[in-house]
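Trainee: Questions regarding the structure given below will be posed in turn.
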Amino acid sequence: MENNMKIWILSNAYKPEKGGLVSYCRYLALCAKKKDKKVEIVVSNLKNKQLEAKEVLEGINISRIDYSGIPLILSIFTPIIFYLKTLYYIKNSKIDSEDIVISRYYSFALALEKSCKTKKHIFIAPLVAPELHKISVKKAKGIKKIYYYIILPQIYLLDKLAMRKSRNLATLSKSKREEIAKYYNIDSKKVCVLPPGIDYERFRIATFKEKSDLRKVWNYDSDDKIMVCVSRLSSEKNLEILINAVDNIYDKKIKLIFIGDGDQKRVLQKICSSKKLENRIRFLGFKENVEDFYKMSDVFILPSKYEGFGHVYLEALASGLPCIAARNNPPESITASEEIITNEKLGIIVNYNSLEEIVQAISESFKNSEKYKFDRRNHVIKNYSWETHLEMIERILS
């Protein structure tokens, strides 16, 4: 690919938001920039209407589509209105026919195919959008529940059209490919699997001194057994069972740290308080220096029942930590855990709803925490690279 071509990354989330999708866009953009590619990220302003329409972050051009101004009476048609606004933006954008465009959200992917701005477009689907929203529906009540039931068919239609009309369709894991193929009746051979990369310079094994110093900063003893969970605190992450697991472990030296925020934070804190576990479980919110919390910990745990991929498992493994993750068992749980954690040196796979298995896995993981830390890191370095990911995209679109 020529250096004067531009790479566009289109997503519904970017900084200052957090999460795996944000990390994906950032690292891929930085990788392309490092290879002297022109890069621009186009994102919505859904979560924060006060953000600048255009700005430069880390040398990367960011453009935001304005989705504000929708009358309340039309809010039940939000997915369709967002798509139409996206289509208008794309049609009037400076995307050239020779530019590469990477979509990470269905409204962008469908708008790209409809606008015919470029043939070099790939939709890397993060997940099956309606399935994620169904989890939210189960937790919703009253008017909010009715609202979800109205917008779900719209999301299903747009997501389905984006999947079927995209001439180049991909995802990050085999499990997600199978889910997409089954859900939308698409030939799985038409869905490419493109594993993401990892910043293994940022996420690395801590020295003894680093680990000790970080524990002192956060008031942990050197002999504490620390589990860390880096995650959005939302229902699909299945985090309540971790609190119950700690409550069922009598070794008071075993501690749990939650890094992240979300709509379930207060609920989880109340459960923690009701069990009088404040001295063993801490909620530290989102942290920019998340790598420090991997460095000071012994085990990573996230028994999520629905994951697009699970970048945090790569971060933990690159930091030398064994991982505890949920088994891929559709339709109850859909994850890529077993594609990442491929042997017992890397971690333990459990049933997401089995308290007994999770408690046992925690005990076993602390026994082997130090033993295979370099095997874990080497596994990630060998199998996950942003450079390889970008090269695979270029090859598909060439």
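The values are calculated or read from the model by the stated rules, or taken from the named source; none is laboratory data. Since this is a predicted model, take the numbers as computed values, not measurements. FYI the Cβ positions are ideal-geometry reconstructions off the backbone, even for glycines, and counts take in every protein chain you see.
Trainee: I need the strands (runs of 3 or more DSSP E) fully contained in the range 1-65, keeping only those with at least 1 residues that are surrounded by 15 or more Cβ atoms within 10 Å (Cβ to Cβ) and small (Gly, Ala, Ser).
Mentor: Details: elements: 6-11, 38-44, 54-57, 60-65.
Because the criterion is at least 1 residues that are surrounded by 15 or more Cβ atoms within 10 Å (Cβ to Cβ) and small (Gly, Ala, Ser), the strands (runs of 3 or more DSSP E) in the range 1-65 that meet it are 6-11, 38-44, 60-65.
Trainee: So, one more: Six or more apart or on different chains, Cβ atoms under 7 Å: show the pairs whose first residue is in the range 70-83 and touching a residue at least 40 places away in the same chain (Cβ under 8 Å) and whose second is of a type in the set (Phe, Trp, Tyr) and surrounded by fewer than 13 Cβ atoms within 10 Å (Cβ to Cβ).
Mentor: So the pair list comes out empty.
Trainee: Only one of (1) of a type outside the set (Phe, Trp, Tyr); (2) within 25 Å of residue 395 (Cα to Cα); (3) within 21 Å of the chain's Cα centre (by Cα) fails for residue 188. Which number is that?
Mentor: (3)
Trainee: Across the range 234-264, what is the number of residues that are closer than 16 Å to residue 304 by Cβ and basic (Lys, Arg)?
Mentor: Number satisfying all stated conditions: 1.
Trainee: Can residue 285 be described as modelled with pLDDT of 95 or more, out of contact with any Cys (no Cβ under 6 Å at 6 or more places or on another chain), surrounded by 15 or more Cβ atoms within 10 Å (Cβ to Cβ) and of a type outside the set (Lys, Arg)?
Mentor: Taking the combined requirement at face value, the residue does not satisfy it.
Trainee: Where in the range 315-398 are the helices (runs of 4 or more DSSP H), entirely inside, with at least 1 residues that are under 18 Å from residue 172 (Cα atoms)?
Mentor: Ranges flagged: 337-340, 373-383, 386-397.
Trainee: Hey, another quick one. When you look at residue 158, is it touching a Ser or Thr at 6+ places or on another chain (Cβ under 7 Å), more than 18 Å from residue 309 (Cβ to Cβ) and of a type in the set (A, V, I, L, M), yes or no?
Mentor: So residue 158 passes the test.
Trainee: Using beta carbons and a limit of 8 Å, which pairs, at least six apart or on different chains, have the first residue in the range 199-212 and crowded, with 18+ Cβ neighbours inside 10 Å and the second one among the acidic types (Asp, Glu)?
Mentor: 203/291; 203/315
Trainee: Could I ask something else about it? Go over the candidates 339, 344, 391 one by one and state the one that is without any contact (Cβ under 8 Å) to a residue 40 or more places away in the chain and closer than 30 Å to residue 8 by Cβ.
Mentor: 391
Trainee: Here is a further query. List every residue pair whose Cβ atoms sit under 8 Å apart, with the two residues 6 or more apart in sequence or on different chains, where the first one lies in the range 246-271 and is loosely packed, with under 15 Cβ neighbours inside 10 Å and the second, anywhere, is at pLDDT 95 or above and among the basic types (Lys, Arg).
Mentor: Matching pairs, first to second residue: 251/225; 252/280; 253/225.
Trainee: For residues that are among the β-branched types (Val, Ile, Thr) and over 16 Å from residue 315 (Cα atoms), scanning just the range 355-393, find the one that is farthest from the chain's Cα centre (by Cα).
Mentor: Going through the qualifying residues, I end up with 359.
Trainee: OK, next. Would you mind finding the one in 231, 188 that is closer than 23 Å to residue 309 by Cβ and surrounded by fewer than 16 Cβ atoms within 10 Å (Cβ to Cβ)?
Mentor: Exactly one residue qualifies, and that residue is 188.
Trainee: Return a yes/no flag: does the range 294-306 have any residue that is assigned to a helix (DSSP H, G or I), among the aromatic types (Phe, Trp, Tyr), modelled with pLDDT of 95 or more and touching a strand residue (DSSP E or B) at 6+ places or on another chain (Cβ under 7 Å). Quick ask: steps written out before the conclusion?
Mentor: Here is the first cut: in the range 294-306, the residues assigned to a helix (DSSP H, G or I) are 294-295.
From the residues that got through so far, the ones that are among the aromatic types (Phe, Trp, Tyr) too are 294.
Pick out the ones that are also modelled with pLDDT of 95 or more and you get 294.
Keeping just the survivors that are touching a strand residue (DSSP E or B) at 6+ places or on another chain (Cβ under 7 Å) gives 294.
There is at least one residue in the range 294-306 that is assigned to a helix (DSSP H, G or I), among the aromatic types (Phe, Trp, Tyr), modelled with pLDDT of 95 or more and touching a strand residue (DSSP E or B) at 6+ places or on another chain (Cβ under 7 Å).
Trainee: Could you tell me how many of the residues in the range 242-297 are hydroxyl-bearing (Ser, Thr, Tyr) and in contact with a Phe, Trp or Tyr (Cβ under 6 Å, 6 or more places away or on another chain)?
Mentor: Count: 0.
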